[in-house]
Amino acid sequence: MFTDDKGCAIFYDLADLNILLAIGLTPDEFFHSTVTDNYQNLSSETSTIFKVMQTGQPILNYEQQLTTLNSFSYLSLSSTYPIIEQGRTFGAIEFSKHFYESKQIKYLDNFLGHKLYRDNFYNLSSRRFYNDQCR
């Protein structure tokens with residue numbers, strides 16, 4: 001995931017739109033809000049995205065249990081890096097592996113046959129990107 005300096009997702013490599021919907025979010029909800037808006041247990045103090053933007057330091061192999069607004073919960077193992085240009089942090093990039101319980105895997109398997117979904121809500125301007133639709 002890439003975020004802008006407000007913590008809004010501007011690119012998310014999501015293999016299937018239906019998985020996003022299964023965890024209770026539409027693409028508009030996901031891309032037009034901050035990452036903390038989409039989880040019950042994330043705040044600007046606990047989010048790795050916000051931490052790396054505040055400190056300018058990467059967070060590597062960080063394990064956390066995430067719970068979406070509709071109570072879909074999974075374990076995430078992430079490495080998060082600030083995106084810095086000329087000394088200014090203007091976003092973050094996070095690489096994550098998600099681990100699901102066996103009952104969730106069976107549920108998510110229902111969506112394997114659907115076509116790939118990839119969407120980008122970003123604009124490139126002066127080598128910087130931003131999401132002009134984020135709250």
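Things to note:
- In the stretch 68-77, residue nearest to residue 39 (Cα to Cα) [restricted to those that are surrounded by 15 or more Cβ atoms within 10 Å (Cβ to Cβ) and in contact with a strand residue (DSSP E or B) (Cβ under 8 Å, 6 or more places away or on another chain)]: 68
This table checks each residue for (1) open to solvent by less than 10 Å² (accessible area, probe 1.4 Å); (2) out of contact with any helix residue (DSSP H, G or I) (no Cβ under 8 Å at 6 or more places or on another chain); (3) more than 17 Å from residue 97 (Cβ to Cβ); (4) part of a strand (DSSP E or B).
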{"position": "11", "(1), (2), (3), (4)": "no, yes, yes, yes"}
{"position": "28", "(1), (2), (3), (4)": "no, yes, yes, no"}
{"position": "36", "(1), (2), (3), (4)": "no, no, yes, no"}
{"position": "41", "(1), (2), (3), (4)": "no, yes, yes, no"}
{"position": "44", "(1), (2), (3), (4)": "no, no, yes, no"}
{"position": "60", "(1), (2), (3), (4)": "no, yes, no, yes"}
{"position": "64", "(1), (2), (3), (4)": "no, no, no, yes"}
{"position": "79", "(1), (2), (3), (4)": "no, yes, no, yes"}
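The values are calculated or read from the model by the stated rules, or taken from the named source; none is laboratory data. These figures come from a predicted structure and were not determined experimentally. Here the Cβ is made from the backbone with ideal geometry for all residues, glycine too, and neighbour counts use every protein chain on show. Just so you know, the surface numbers come from the protein's heavy atoms only, side chains and all, with ligands and any DNA or RNA stripped out. Shrake-Rupley method; radii C 1.70, N 1.55, O 1.52, S 1.80 Å.
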